[in-house]
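Asker: Okay, here's the structure, questions in a sec.
The values are calculated or read from the model by the stated rules, or taken from the named source; none is laboratory data. What you are looking at is a predicted structure, and each value in this text was computed from that prediction instead of being measured. Every residue, glycine among them, receives a Cβ derived from its backbone with ideal geometry; neighbour counts consider all protein chains shown. SASA here: full protein model, heavy atoms, side chains in, ligands and nucleic acids out. Shrake-Rupley method; radii C 1.70, N 1.55, O 1.52, S 1.80 Å.
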Amino acid sequence: MTKIQTNDRGALLDVLAEKRPKRLRSYFEWVQDELIIPDGPYKGMRFKAERQPYTRLLMNEAGKWRRHVFTGPTQSGKSLSAFVGPIMWHLFERGENVICGVPSGDMVKNKWLNDIKPAIDASRYRKFLPKKGAGSQGGTPTEIHFTNGATLIFMTGGGGDKGRAGATAPVVVITETDGM
């Protein structure tokens, strides 16, 4: 603990500034600042809503509702803007655990290795990827514990209620809901 003399107003203000809670960016602000395109023609570039104009409307609405449902045509960018982006925002900007729902165990590995992990690898948040254990190598992870303290928990549409009851998170992101 830092000892401060009562007549040292500048030092006191510095300590108080350090204790302020971090300002959380809206989903849209975070995406524009942090999300890097992991593949395709814009690989390595920051996400820009101008490339897919509907995404600005989608992301500006994201903070206004408790539940979100997104549908769209193939190759419209919905996996990045409505699946991977929200997962990363909650894990890294908000530091929250996230449950990721997918229809089957086969799809867990696919979504992790082909969608989620490449986006994290392309970002500054790659420093939070685990060095060992689930999610660090290949394989099919069920839980990935990031070094910032957040956890990504995969759940499938099959199985009994006991498996689902053991995991808690304030956020659930589900893909391919028609297969659940």
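Asker: What pairs come up if the first residue lies in the range 122-145 and is within 22 Å of Trp89 (Cβ to Cβ), the second is among the hydroxyl-bearing types (Ser, Thr, Tyr) and at pLDDT 80 or above, and their beta carbons are under 7 Å apart, counting only those six or more places apart or on different chains?
Answerer: Phe128/Thr147; Pro130/Thr147; Ala134/Thr142; Glu143/Thr151; Ile144/Thr151; His145/Thr151
Asker: Also: Any idea which of Ala62, Ala82 is of a type in the set (A, V, I, L, M), under 27 Å from Phe154 (Cα atoms) and either surrounded by fewer than 14 Cβ atoms within 10 Å (Cβ to Cβ) or at pLDDT 85 or above (or both)?
Answerer: It is Ala82.
Asker: Any chance the range 91-100 includes a residue that's assigned to a helix (DSSP H, G or I), buried (at least 19 other Cβ atoms within 10 Å of the Cβ) and of a type in the set (S, T, N, Q)?
Answerer: Within the range 91-100, none of the residues are assigned to a helix (DSSP H, G or I), buried (at least 19 other Cβ atoms within 10 Å of the Cβ) and of a type in the set (S, T, N, Q).
Asker: Among the residues of the range 104-118, is there at least one that is open to solvent by less than 40 Å² (accessible area, probe 1.4 Å), polar (S, T, N, Q) and free of Cβ contacts under 8 Å to residues at least 60 places away in the same chain?
Answerer: no
Asker: While we're looking at this one, here's another question. Just to be sure I understand, how many residues within the range 135-162 are modelled with pLDDT under 80 and not charged (D, E, K, R)?
Answerer: 9
Asker: What number of residues within the range 67-79 satisfy the criterion of being open to solvent by less than 50 Å² (accessible area, probe 1.4 Å) and either farther than 19 Å from Gln32 by Cα or in contact with a Ser or Thr (Cβ under 6 Å, 6 or more places away or on another chain) (or both)?
Answerer: 1
So that you can scan it fast, the table gives a plain yes or no per residue for (1) open to solvent by less than 50 Å² (accessible area, probe 1.4 Å); (2) over 19 Å from the mean Cα position of the chain (by Cα); (3) at pLDDT below 90:
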{"position": "Gly10", "(1), (2), (3)": "yes, yes, yes"}
{"position": "Asp14", "(1), (2), (3)": "no, yes, yes"}
{"position": "Glu18", "(1), (2), (3)": "no, yes, yes"}
{"position": "Arg23", "(1), (2), (3)": "no, no, yes"}
{"position": "Leu35", "(1), (2), (3)": "yes, no, no"}
{"position": "Asp39", "(1), (2), (3)": "no, no, no"}
{"position": "Tyr42", "(1), (2), (3)": "no, yes, no"}
{"position": "Lys48", "(1), (2), (3)": "no, no, no"}
